[in-house]
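> Take a look at this one; I'll ask things after.
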Amino acid sequence: MLATGRRMTLNDYLPALVMFLLAVGFVAVTLPLSRLISTRGPATPEKEAPYECGILPEVEPAQRFPVKFYLVAILFVIFDVEIIFLFAWAANFPELGWFGVTTVGIFTLFVLETLLYVWRRGALDWNVRRRARRFAAASPTPQALEDAA
Amino acid sequence: MDQLVTFAEQWIWLVIALPLAGFVFNHFLGSRLPEPLAGVIATLASGSAFVVALVAALPWIDGGRHGVTVELWDWMPSIGAEFEILWDPLSIAMTLLVTGVGTLIHLYSVGYMHGDGRFSRYFTYLNLFATSMLILVLANNFAMVFLGWEAVGMCSYLLISFWYTKPVAAEAGKKAFVVNRIGDFGFILGLVAVFAFFGTMSFDEVLVEPGAVLDQNWATAIGIAFLVAAIGKSAQIPLYVWLPDAMAGPTPASALIHAATMVTAGVYLIARSAAIFDLSETALMAVATVGALTALWAAIIAMGQNDIKGVLAYSTISQLGYMVVGVGSAAFTAGIFHLITHGVFKALLFLGAGSVIHSMGDEQDMRKMGGLLKKMPVTGWTMAVATLAIAGIPPLAGFWSKDEILSAAFNRGGYYQFIWALGIITAVLTAFYMTRWFVLVFLGEPRWDSDAHPHESPGVMTLPLVLLAVGAAVIGVINTPWRLGFEHFLEPSFESIHLQHAAEGTIAWVIAGIATIGAIAGVAFGYLTYRNRERKERFERGASRLLSGAERGFGVDGFYGKRVVAPLAATAEASARFDSKVVDGAVNGLAALVAKAGTALQPLQSGFVRSYGVGLVAGTLVLVVWFVMRGV
Amino acid sequence: MVETPEISLVAILPELALTVGAVVVLMVAVSSRRAATYLPWIAGLTVAATGAGLIAQYNDVAANGFSVSYAGMIVLDNQGIVIRTVMLAAIAVALLVGWRYVTGLGTRGGEALSLVFLSAVGFMLMASSIHFMLLFLGLEVGSISLYVLAALGQRAKRADEAAMKYFLLGSVASAIFLYGVALLYAGTGSLTYLGVFEFFSGDTLVFSDGLLSAGVALLFVGLLFKIAAAPFHSWAPDVYQGAPAGIVGYMGAAAKIGAIAALLRFVQVPFQSVIESIQVPLAAVAAFSVVLGTLYAIVQQDLRRVLAYSGVSHAGFLLMGIATGGVAEVQVLFYLATYVLVLVGAFGIVSLLEGSGSAGSPIENWKGLGRRSPFLAWSLTVFMLGMAGMPATAGFIGKFGIFTRAWSGDLEWLVIVGLLASVAAFFFYLRVVVAMFFEDGDGKTPKLGWPAGIGIGLTLVITVGLGLYPTPLLDVLTAALG
């Protein structure tokens, strides 16, 4: 471990170097390898098609995806990341004892509160129109702001 | 007497509080009162302050008594700046001038501002000005002086641009403001330096024995800083250009602020810090030089002015130059003496000019006046007194004070005799241009426009004229070579320093004689030249180049405009262009793109934010390189 | 068993109160139909509870002296208490003057309120943190709340734009800061202020370590960005102009409070022994900010941008005090306290005139306000004079204090630059005053509600009161920090 107030030596950087070499090595090995072991046959129309089965798309997909996907994705990320903390706690459960339980309890409360909030605000409502209506009611236009002011 | 001293200690705060009360009252209620009432209340506020000051001054009149300090409350004790009044001879003299002349001008304004849409607002400013000026002169520390200094400046801008719908007035206010910032810069610099050396701003500690703390070089530096302040406020070369323009304000305000009181604040500052100037001959010489050059230069310009107030404005600059010469010759009492007498007769001149302008229907061009003495006898005769007083004809007030300054400068010897010579030339010119002024306005044939109907002003305006004329005639007797009453009175304020006294004996008579002959010659030449049309035209042809140059102020304004303001404006423009191209451009470009694309996010990828990051990244790089090169 | 770090509730009481307030506000906002009627009560209670927490902290420090808790991450001392008090005052005034904005948001008003509280938690933590990671967390909690506040309830393109730029550039700055923390750790092996201090005062050989030096530079850049010091200020004008007027004053104030608190601690503890090498760049940034902010402010046509660039120059003045290296704490805190209140008050007036939204505020709109609404016009005049440093306002005392400290701290050249700039600054501060009183115009006549009236009146009293009689506050500050 590092001692406070001491100069770091080159040895201390060794793990970082190993990590770096591993990352570079992984790419350096797998890319040629996949090239090496894959078979290359002639291109057929079927192979060029986006899907092997199913309906071919008639038009290009819209440039922008409906924002509901984005919203759900970001909510997922938030709650997903929270789990990382729980994992660390679970791994050290016996050592942390009641201190850990209390801390995580408080933490979980906050997460739950967030969930409750997004739920009540309608962020989890898959019905876009209904959500839009709720959102509009909740969020005034600049004009409404001016009128209020 | 002791009772009166106690009175002074207990009630002197009223001198500041009464005009302040007038200001507060008029500010909130003035506009609801019928017209003259707001003015009457303001006049009463100022007048009662004068009475209090007069009573409180009685124990000091005989001279020899030291000042008292009255602490009102802790303001900034950590820097030695309490809200504390210093009631000593110097502040007494200033207070009596400010409240005395101020009250007369308040009274006069009641008549002059009659019918103005913002009648009560005008008196609000006037009272506020009186309050601020009194804070300035009654302060017992530099911080309070600065507070008053800034506040009088603000009132001055407010009053210059009082008729702000006139572009000239608005411009003039702006100019006065900008030019004065330079002077204020000097003041703050001096303030910071004083504090850095003394650790306090209180006069009690700074001015008692500054030599123990300051070496000569620092005394010079602080002195020069205060001189810069005075150059701005008291309109000396090279910053005098704001004062002639300041005449765009109402004439009584010009009389009070831009002639009698506020512009003398610079002189007062130098006199107050006499103990610091006493340490540095260099600083004193710089002061005297600035004063003498200004006096001469402004007098030359005054010869070619055709505006009735323009002449007086340049004459004010010139006379302020005399005062600066006085304090620069270490003749602080003489400088203050001239400050007082000038305050009286210059206020009188301005009020007279106001009376003329008033009766001529806002005409200010002297070429369209003449022969007004018959139509306006009171104004005319009081102006005659004032003209002779400023010209330095004995035994009127101006003679005594000017003579004392010149005599002291001569007596100091060496370089100062050169200053004296400049002063004598100025004195001749002063007598000349003031006579010209009087003759053009009051004597000769009427040259009025056909629709002018000059008439004498109402009593509320002529009464102050008469009172001031009496003052201008006799106030000089408070300090004559035979009885130095005023000098004796002021001496406790300048006890610890080497005061320069006027010459004595035969020399004194010779100096006074030269000055008197010069003044009489100037008056005679002016009268003879301008009384006769033929001679006038011959003279004006002969000196046409000089006079037309003087009329334009020798193009100094244009020079400043071209060489100082324009490059500065160009710099500001350039940085503005940078701002609008690189920064604003990014905003606008982005906004435009947003409008086109209909979403906020797309254009953010179009690269405009990059320009925002440029400063961030460049700054980071510079800092990183610096730290890496220098190490932490 | 892992050792339980010492937990001191009193050390985080104000933050705790604000967090609870933020949570309750959100819950009430989504669960009650009459949420709007409860909001003022919750806000008031939260502010009161935070104030009570501060009093408890003050008593604790008075009884036990300063204390360190949470494994050497948080310090409870008078300096932190003062800064948190300033923060609380800023919140209180901001909510008073911006209450119309909060109610105007409808059910989203709760969100705004909660974000205000959360950002305050972050910036308050910066004031009590003595650990670089906690500092970063505080910075992020505060900043992210501000990003959202900037975009909240807006349908105006200009506002979206401002919020997006704030967010993008702010993230870059946070990343720079975090990178600095990483390099600092790599170089010193410590993340606590005390550890870094010991490192620097112990081993002199390391001073040439390039990575460490770069890390320190990056740390400062991150914080200089938050106080909008030039050249890290480019976000400020857009955000000040585009963000909702009702809350933007608070946004500017809060970020400045947090970052100045951190910078002040930087020169007091971790980098105290190397202050000589830090002084020059800090002073250079200070001079640059003061000059650039003033120059740009002069040419602005919009009061909001004027205030933004003036904020840049105020950042410079604050840095001037910090560059003296911890001998001007009292002056810096006095300046900070008075400046942020005036800033919040001034923006309150802007929002009253222009509405709480994202409209700009061209000087044109201010013409003739002196006639239409004398109270607001005079209040703004006092605020402008206060920012300019007119004597008899708190701004003068603040500037003067900083100048004298910097002068005696051998930064004479910086004082002269500052003086020149503050002299020139009068010009743009007074331009709006001239417009209000000396030019005729027929713009909107603002309606002044009682909360805004109280907020502005309070700021007015403080500005003038502390200008005429600053002794009490200066005494308290001197006693607290002395």
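> Given the criteria at the interface with chain B (Cβ under 10 Å from one of its Cβ atoms), part of a helix (DSSP H, G or I) and either aromatic (Phe, Trp, Tyr) or in contact (Cβ under 8 Å) with a residue 60 or more places away in the chain (or both), does C:Ala377 qualify?
Judged against the criteria, C:Ala377 is not a match.
The rows are residues; the columns are (1) without any contact (Cβ under 8 Å) to a residue 24 or more places away in the chain; (2) crowded, with 18+ Cβ neighbours inside 10 Å; (3) touching a Ser or Thr at 6+ places or on another chain (Cβ under 7 Å).
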position: B:Val356; (1), (2), (3): no, yes, yes
position: B:Met360; (1), (2), (3): no, yes, no
position: B:Met366; (1), (2), (3): no, yes, no
position: B:Met369; (1), (2), (3): no, yes, no
position: B:Met376; (1), (2), (3): no, yes, yes
position: B:Thr379; (1), (2), (3): no, yes, yes
position: B:Ala384; (1), (2), (3): no, no, no
position: B:Thr387; (1), (2), (3): no, yes, yes
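> Please work out if C:Ala388 is closer than 23 Å to C:Val461 by Cβ and hydrophobic (A, V, I, L, M, F, W, C).
Spelling it out, C:Ala388 is indeed closer than 23 Å to C:Val461 by Cβ and hydrophobic (A, V, I, L, M, F, W, C).
Results for (1) away from chain C (no Cβ under 14 Å); (2) more than 30 Å from B:Pro446 (Cβ to Cβ); (3) at pLDDT below 75; (4) not in a helix (DSSP H, G or I), shown as yes or no for each residue.
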site: B:Arg538; (1), (2), (3), (4): yes, no, no, no
site: B:Arg541; (1), (2), (3), (4): yes, no, no, no
site: B:Arg563; (1), (2), (3), (4): yes, yes, yes, no
site: B:Ala591; (1), (2), (3), (4): no, yes, yes, no
site: B:Lys596; (1), (2), (3), (4): no, yes, yes, no
site: B:Gly619; (1), (2), (3), (4): no, yes, no, no
site: B:Trp626; (1), (2), (3), (4): no, yes, no, no
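> OK, next. Assuming C:Lys157 fulfils every condition listed in (1) open to solvent by 40 Å² or more (accessible area, probe 1.4 Å); (2) in contact (Cβ under 8 Å) with a residue 12 or more places away in the chain; (3) among the basic types (Lys, Arg) apart from one, which condition is it?
For C:Lys157, the failing item is (2).
> So, one more: Given (1) under 21 Å from the mean Cα position of the chain (by Cα); (2) touching a residue at least 60 places away in the same chain (Cβ under 8 Å); (3) closer than 21 Å to C:Val344 by Cα, identify the lone condition not met by C:Thr19.
Just one mismatch for C:Thr19, condition (3).
> Name every residue in region B:193-213 that is touching a Leu at 6+ places or on another chain (Cβ under 8 Å), surrounded by 23 or more Cβ atoms within 10 Å (Cβ to Cβ) and within 12 Å of chain C (Cβ to nearest Cβ), in order of residue number.
Matches in region B:193-213: B:Met201 only.
> Can you name every one of the helices (runs of 4 or more DSSP H) wholly within region B:147-264 that holds 3 or more residues which are under 21 Å from the mean Cα position of the chain (by Cα)?
In region B:147-264, the matching helices (runs of 4 or more DSSP H) lie at B:167-198, B:216-233, B:242-245, B:251-255.
> Residues in region C:175-188 that are within 21 Å of the chain's Cα centre (by Cα) and within 10 Å of another protein chain (Cβ to nearest Cβ): how many?
Selection size over region C:175-188: 1.
> Filter region B:132-146 down to the residues that are polar (S, T, N, Q) and assigned to a helix (DSSP H, G or I) and list them by number.
B:Ser132
> Here's something else I'd like to know. Would you be able to say whether some residue in region C:231-241 is open to solvent by less than 10 Å² (accessible area, probe 1.4 Å), within 13 Å of the chain's Cα centre (by Cα) and facing chain B (nearest Cβ under 10 Å)?
No, that holds for no residue.
> Quick one: would you say B:Ser132 is of a type in the set (Ser, Thr, Tyr), surrounded by 24 or more Cβ atoms within 10 Å (Cβ to Cβ) and farther than 25 Å from B:Ile357 by Cα?
Answer is yes for this residue.
> Scan region C:440-473 for residues that are away from chain B (no Cβ under 14 Å), exposed (fewer than 14 other Cβ atoms within 10 Å of the Cβ) and assigned to a helix (DSSP H, G or I) and jot them down.
C:Trp450, C:Val461
> Go through (1) without any contact (Cβ under 8 Å) to a residue 40 or more places away in the chain; (2) aliphatic (A, V, I, L, M); (3) within 18 Å of C:Gly249 (Cα to Cα) one by one and return the number of the condition C:Leu353 breaks.
(1)
> So C:Ser356 passes all but one of these: (1) under 26 Å from C:Leu264 (Cβ atoms); (2) crowded, with 24+ Cβ neighbours inside 10 Å. Which condition number does it fail?
Failing condition for C:Ser356: (1).
> Residue check, C:Val476 against (1) assigned to a helix (DSSP H, G or I); (2) open to solvent by 60 Å² or more (accessible area, probe 1.4 Å); (3) facing chain B (nearest Cβ under 10 Å), all met but one. Which one?
Against the list (1) assigned to a helix (DSSP H, G or I); (2) open to solvent by 60 Å² or more (accessible area, probe 1.4 Å); (3) facing chain B (nearest Cβ under 10 Å), C:Val476 comes up short only on (3).
> So if I check each of C:Ala308, C:Ala297, which one is crowded, with 24+ Cβ neighbours inside 10 Å, more than 17 Å from the chain's Cα centre (by Cα), within 12 Å of chain B (Cβ to nearest Cβ) and assigned to a helix (DSSP H, G or I)?
Step by step, each of C:Ala308, C:Ala297 is checked, and only C:Ala297 is crowded, with 24+ Cβ neighbours inside 10 Å, more than 17 Å from the chain's Cα centre (by Cα), within 12 Å of chain B (Cβ to nearest Cβ) and assigned to a helix (DSSP H, G or I).
> Given (1) open to solvent by 10 Å² or more (accessible area, probe 1.4 Å); (2) in a loop (DSSP other than H, G, I, E, B), identify the lone condition not met by C:Ser190.
(1)
> Further, regarding this structure: Do you know which residues across region C:27-50 are open to solvent by less than 30 Å² (accessible area, probe 1.4 Å) and either under 28 Å from A:Trp89 (Cβ atoms) or assigned to a loop (DSSP other than H, G, I, E, B) (or both)?
none
> Considering each residue of region B:102-128, count those that are within 25 Å of B:Phe7 (Cα to Cα) and open to solvent by less than 10 Å² (accessible area, probe 1.4 Å), and give that number.
Final tally of qualifying residues: 2.
> Specify which of the listed residues (C:Val172, C:Val221, C:Val216) is at the interface with chain B (Cβ under 7 Å from one of its Cβ atoms), open to solvent by 10 Å² or more (accessible area, probe 1.4 Å), assigned to a helix (DSSP H, G or I) and among the aliphatic types (A, V, I, L, M).
Answer to the selection: C:Val172.
> Taking helices (runs of 4 or more DSSP H) that fall entirely within region A:13-112, which contain at least 3 residues that are at pLDDT 80 or above?
Fully inside region A:13-112 and qualifying: A:14-37, A:67-91.
> Just to check your reading of the model, which residue among B:Phe146, B:Phe162 is facing another protein chain (nearest Cβ under 10 Å), under 21 Å from C:Thr404 (Cα atoms) and in contact with a helix residue (DSSP H, G or I) (Cβ under 8 Å, 6 or more places away or on another chain)?
After applying the criteria, what remains is B:Phe146.
> Taking the condition among the charged types (D, E, K, R) and at pLDDT below 85, does C:Glu198 pass?
no
> Would you pick out the residues in region B:414-456 that are open to solvent by less than 10 Å² (accessible area, probe 1.4 Å) and in contact with a Ser or Thr (Cβ under 6 Å, 6 or more places away or on another chain)?
B:Tyr416, B:Met434, listed by residue number.
> Any chance you could count how many residues in region B:381-426 are assigned to a helix (DSSP H, G or I) and over 30 Å from B:Thr462 (Cβ atoms)?
Within region B:381-426, residues that are assigned to a helix (DSSP H, G or I) and over 30 Å from B:Thr462 (Cβ atoms) number 22.
> Which residues, taken from region C:79-111, are of a type in the set (A, V, I, L, M, F, W, C), buried (at least 23 other Cβ atoms within 10 Å of the Cβ) and touching a Gly at 6+ places or on another chain (Cβ under 7 Å)?
C:Val93, C:Ala94, C:Leu96, C:Val97, C:Val102, C:Leu105
The values are calculated or read from the model by the stated rules, or taken from the named source; none is laboratory data. Predicted model, so just to flag it, every value in this text is computed and none were measured. As a convention, Cβ positions derive from the backbone with ideal geometry for all residues, glycine included, and neighbour counts pool all protein chains shown. SASA here: full protein model, heavy atoms, side chains in, ligands and nucleic acids out. Shrake-Rupley method; radii C 1.70, N 1.55, O 1.52, S 1.80 Å.
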